[in-house]
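Reviewing the structure listed below.
Readers should treat all values here as calculations from the given coordinates under stated rules, not as data from a laboratory. All values reported here derive from a predicted model rather than from experimental measurement. Cβ placement follows ideal geometry from the backbone for every residue including glycine, while neighbour counts extend to all protein chains displayed.
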Amino acid sequence: MEKTHYESVVVLTPVLSEKMLQDAVSSFEKLITENGGELIHKENWGLTKMAYPIQKKTTGFYQIFEFTAEADAQIVDKLELAYRRDEQVLRYLCIKLDKHAIKYNERRRNGEFKKAKIVDNTNAAPVAEAKVTPVTSEEEE
Amino acid sequence: MAKRQKYTRVPVIRPKKYCRFKKSGIKYIDYKNPDFLMAFINEQGKLLPRRITGTSLKYQRKVAVAVKRCRHIALLPYVADQMK
């Protein structure tokens with residue numbers, strides 16, 4: 001059966017320590033891989049300023065997962081349930097990617113274009129980003 | 001008797017609007033890029049109509065979805081006073 005591409009964005013509370021953040025992220029990763037999903041890409045934006053306060057917090061840790069799974073694996077249901085049960089999650093968004101989105105994400109990952117945009121995101125939280133990026137880039141490889 | 005002055009309307013020549021997605025071949029609108037989506041909302045954070053941005057209907061729908069997703073993950077505000 002054809003695999004479906006999904007993308008998931010989670011906003012975690014800014015009060016977490018670095019270790020708690022890593023734990024939370026790895027637990028979601030584990031959930032994806034254990035339910036027959038295949039993690040393609042993950043991205044950490046670090047501490048980013050939000051456009052409006054959520055639960056009286058003005059910043060959040062943004063984490064993005066991109067993964068493939070069988071369409072009938074109910075992986076998204078399980079992931080969303082885990083997000084809802086987790087009190088550290090401020091917001092989440094799971095979407096199915098169409099063919100244009102998959103192509104776009106591939107190009108974005110390769111840094112083929114929109115280089116300036118990624119730099120913009122890092123500028124939003126230079127201190128947190130500097131701490132977090134080396135860790136994630138090592139894990140990606 | 002003085003003759004009434006005839007009113008003639010002077011046509012204003014504006015450059016024709018075009019859909020920027022069709023022109024530059026963009027097929028997917030990223031909801032994680034609020035800086036780009038700023039071009040399609042007004043300073044209160046509301047979506048701009050097609051007649052102002054010139055976007056085609058197909059891509060206006062995609063812009064609307066992208067802006068709504070972007071608002072949900074708190075990268076764009078639902079309401080704002082002055083954002084530009």
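Counts of other chain beta carbons within 10 angstrom of each beta carbon in peptide A:48-54 average 5. Ranked for footprinting exposure by Cβ neighbours inside 10 Å, fewest first, A:Arg107, B:Arg4 give B:Arg4, A:Arg107.
Spin-label pair A:Glu80-A:Glu38: with each label point 7 Å from Cα along the Cα-Cβ axis, the two points sit 2.5 nm from one another. Put a dot 7 Å past the Cα of A:Ile54, heading toward its Cβ, do the same for B:Lys6, and the two dots end up 6.5 nm apart. The label point for B:Arg51 and the one for A:Arg107, both projected 7 Å from the Cα toward the Cβ, are 3.3 nm apart.
Computed from Cα atoms, the angle from the helix B:57-72 axis to the main principal axis of chain B rounds to 50 degrees.
Separation of the alpha carbons by more than 26 angstrom is noted, of A:Lys99/B:Lys17; A:Lys3/A:Lys57; A:Lys57/B:Lys46; B:Lys23/B:Lys68; A:Lys99/B:Lys16; A:Lys57/B:Lys27, for A:Lys99/B:Lys17; A:Lys3/A:Lys57; A:Lys99/B:Lys16; A:Lys57/B:Lys27. Overall form of region B:20-72: oblate. Here a/c, set by the Cα gyration tensor axes a ≥ b ≥ c, is 1.5 or more, and a/b is not larger than b/c.
Stretching A:Ala71 away from A:Ser26 to a fully extended chain increases their span by 13.9 nm, per 0.36 nm per residue minus the current alpha-carbon distance. Dipole size of chain B about its Cα centre, with +1 on Lys/Arg Cβ and -1 on Asp/Glu Cβ: approximately 760 debye, rounded to the nearest 20. Of A:His100, B:His72, the sequence from fewest to most neighbouring Cβ atoms within 10 angstrom is A:His100, B:His72. Are there any trypsin sites (Lys or Arg not before Pro) in region A:9-69 that are in a DSSP loop and have at most 16 other Cβ atoms within 10 Å? List them by number. When the trypsin sites (Lys or Arg not before Pro) of region A:9-69 are filtered for loop state and at most 16 Cβ neighbours within 10 Å, A:Lys56 remain.
Ordering B:Pro34, B:Gln82, B:Gly54 by the projection of their Cα atoms onto the charge dipole of chain B, which places +1 on the Cβ of Lys and Arg and -1 on the Cβ of Asp and Glu, puts B:Gly54 at the extreme positive end.
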